[in-house]
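Enquirer: One structure coming up, written as C-alpha cells, with questions to follow.
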Protein chains: 2
Amino acid sequence: MPLYGGIEAGGTKMVCAVGTGGDDLREIRFPTASAVESIPQAIQFFREAQQQAGVKLDAIGIASFGPIDPDPTSPTWGYVTTTPKPGWANVDFAGQIKQALDVPVAFDTDVNAAAYGEGRWGAAQGLHTFVYLTIGTGIGGGAVSNGKLLHGLMHPEMGHSRVPHDWQKDPYAGSCGYHGDCWEGLAGGPAIQDRWKQSGRTLPEGHPAWDLEAHYLAHGLANIILIACPQRIIMGGGVMEHLFLFPMIRKNVQTILNGYVRVPHLAEEIDAFIVPPALGNRSGVLGAIAMAEQVAQ
Amino acid sequence: MPLYGGIEAGGTKMVCAVGTGGDDLREIRFPTASAVESIPQAIQFFREAQQQAGVKLDAIGIASFGPIDPDPTSPTWGYVTTTPKPGWANVDFAGQIKQALDVPVAFDTDVNAAAYGEGRWGAAQGLHTFVYLTIGTGIGGGAVSNGKLLHGLMHPEMGHSRVPHDWQKDPYAGSCGYHGDCWEGLAGGPAIQDRWKQSGRTLPEGHPAWDLEAHYLAHGLANIILIACPQRIIMGGGVMEHLFLFPMIRKNVQTILNGYVRVPHLAEEIDAFIVPPALGNRSGVLGAIAMAEQVAQ
C-alpha cells in the first residue's frame, strides 16, 4: 500500500496530510509563519507520520500560494518567487522538502492542485478539461486541460484577467495593486469590503452587492468558457460559501453569452456545469496527494 | 509513402490539398458555394488526386468554418451546425467526405487546425501549449493545450470574450450581432470599417485607428495569457498583414499586465512570443493535413 504526503500552503494556514486520498488521512493544520519556521514544521510532521506508519512516503505533493516556479526544466523549479509574503520570497520550498525527506516531490499552485484533486476524487471526475476557481481574498484559477495540469508560459493567473467595468453603474476603482479593476480587483473579497464598507460575510442575501458580484463573476466565467472551453467550472473559496450566488451566476453567464454557444452545458445542464467543490475546503490538500501519486516512482 | 488530404473550408473560399505536408502538395482553391455544390467538388478533387498518385489517401483532415460539432462521441460529429451561411446549416460535412472516399476523417475548426499546422510545421514547433488567432472579418482563436487540440464543452470561441470598453474614449457600440462590444465586436475588421468609415486596408500606419486596434487586441491577448497560459501566440488574418501592429500590440500587452507575470516571454523574449504565422495563409490547410496524419490508421 503506497503512502503519499500532501502540503497545502495557503497565505494564512498550512495543511499537511498523509494517506492515499481516501478517508485514512492523518492531518495537521498550523498558521503559515515564515518559511524558516513553517517548512521544518511540515518536515517534522512527515517524519513522524513515516515512523508511525512504519514505511517511507512514496512521494509528496505541494500545493503552494504563489507566484511560484512549477517548471521542472527551470533552475528555480520549486521556488516561491516574488511573493510579498514576509520570509517567503525566493524560497526553495520543494527543494527543501525533497532534500530533507528524500522523496519525489510534485509542486504546483494551490488552485492548480485543487483542480487536480477535484478531478481525481471530486466534482470533475472523468473530465479532461476543467477549471477550479477560488473566490476569496483573491481570485485564483487552476486548470486541467486535456488531462494534465495547465502550464505554458506560466501557471494560470485568471484572477487578473479583465472584465467590462461600467463606471457609471459602479464607480469603484478596483482593489488590485497591479491592475486596479481587473476581475479580482472588482470581485474579490477586498473589493466587496471596500465598495460596500462591510464584509461580504455580513452582507445579507438580496443585498445589491450580490447582484453586482454575480454580474462580475459571470463576466470572468464567460471569458474562461470562451477561451479555455472547460467541461465544468468548480467555484470554491469564502465568497462562494454564499451558495445563493450559484443560480445568480449561472443566469448571468447565460445572459452574457446570449445563446451564441449552443451546448447543453450552458442550457438545461448548467446546474451541473457551474458547481461548488465536491471536496469542500479539502480540494487543495487532496490535490497535493493526487499530484504525489503522479510523481511516485 | 503515405498520402493525406486536407480541406480548409472558409467562409468565402475552399482550399483542398493532398500531400504529406512538405512542398509536394497538389492543391485547388474554389469559392465556397452551398454544401451541395462545394462538397462534391472537393470529393472530385480527391478522387482525381488518388488516381494521379496511383494510391488511396490514408486520411483526410477538414478545417471548417463554424460553428461545428467536433465531438467524436456526439451523434452530430462532423456537422456544420447553426451557421447563417446559406446552404450549410446542419450539414454532415465530415460524414459525406468519409462516406464518398472511405477514409478516416479528422474534423475541427479552421483556427484549431491552423494552430495544429503551426505546431507541426510552423511557428509553434516543439511547444505543447499555444494559441493561433486570426484577426479579419471575425476574430477566431484555436488552441493546442498539453499537446492536443483544445475541446471541452466546445471548441474555443475566443473572439466573443469581453474586454474593457471605455465608452468616453471610444463611443462605438461594437459590431457583434450577439454581444455588441465583445472583442470581435470592437476589434474585428467590420468594427474598424464601421468606426472609421474606411476599410482597414486603406488606413495608413500612424492613423489613430491603429492605436485603438492595438489596445483592444492586446486586451484580448492579456486575457488569453492569464487564462490559457500559451507558450506562444500566433496572430494571422487580414488585419495582421499590417505588420506594424505587432510591436504596438506587444507594448500594450506589457502595459496591461504591468509586470505582474514575470517571465521572459513577456519581457526580453516578447518578440518571439507574439508572432505572425510561419505558414502564412497556409496554416489552415497544412493543419488539416497534420490532423489527417493523426487519424490515419
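The values are calculated or read from the model by the stated rules, or taken from the named source; none is laboratory data. It should be emphasised that the depicted structure is a prediction, and the values quoted were computed from it without experimental measurement. Quick reminder, even Gly has a Cβ in these numbers, built from the backbone with ideal geometry, and neighbours come from all protein chains shown. The accessibility values were calculated without ligands, DNA or RNA, using every heavy atom of the protein model including side chains. Shrake-Rupley method; radii C 1.70, N 1.55, O 1.52, S 1.80 Å.
Enquirer: Out of the residues in region B:220-252 meeting the condition of being open to solvent by 10 Å² or more (accessible area, probe 1.4 Å) and in contact (Cβ under 8 Å) with a residue 40 or more places away in the chain, tell me which one is nearest to B:D170 (Cα to Cα).
Expert: Filtering region B:220-252 for residues that are open to solvent by 10 Å² or more (accessible area, probe 1.4 Å) and in contact (Cβ under 8 Å) with a residue 40 or more places away in the chain, the one nearest to B:D170 (Cα to Cα) comes out as B:V239.
Enquirer: Going by what's in this entry, would A:P31 be described as under 28 Å from B:P264 (Cβ atoms) and without any contact (Cβ under 8 Å) to a residue 60 or more places away in the chain?
Expert: It is false that A:P31 is under 28 Å from B:P264 (Cβ atoms) and without any contact (Cβ under 8 Å) to a residue 60 or more places away in the chain.
Enquirer: Among the residues of region B:142-162, count how many are more than 7 Å from chain A (Cβ to nearest Cβ) and open to solvent by less than 10 Å² (accessible area, probe 1.4 Å).
Expert: Selection size over region B:142-162: 4.
Enquirer: Determine which member of the set B:A42, B:A9 is more than 20 Å from B:G140 (Cβ to Cβ), of a type in the set (G, A, S) and in contact (Cβ under 8 Å) with a residue 12 or more places away in the chain.
Expert: Only one candidate qualifies: B:A42.
Enquirer: Just checking, which of B:V131, B:V105, B:V111 is away from chain A (no Cβ under 13 Å) and closer than 18 Å to B:A63 by Cα?
Expert: Testing whether each residue is away from chain A (no Cβ under 13 Å) and closer than 18 Å to B:A63 by Cα leaves just B:V105.
Enquirer: Please go through region B:98-118 and give me each residue that is touching a Leu at 6+ places or on another chain (Cβ under 7 Å) and open to solvent by 20 Å² or more (accessible area, probe 1.4 Å), ordered by number.
Expert: The answer is B:Y116, and nothing else.
Enquirer: Moving on to the next point. Return yes when B:A94 is assigned to a helix (DSSP H, G or I) and more than 14 Å from chain A (Cβ to nearest Cβ) and no when it is not.
Expert: yes
Enquirer: Is it the case that some residue within region A:222-234 is in contact with a helix residue (DSSP H, G or I) (Cβ under 6 Å, 6 or more places away or on another chain), within 11 Å of chain B (Cβ to nearest Cβ) and not hydrophobic (A, V, I, L, M, F, W, C)?
Expert: Yes: one or more hits.
Enquirer: Looking only at region B:202-219, filter to residues that are part of a helix (DSSP H, G or I), away from chain A (no Cβ under 14 Å) and farther than 25 Å from B:E118 by Cα; which one of those is most open to solvent (accessible area, probe 1.4 Å)?
Expert: B:D211
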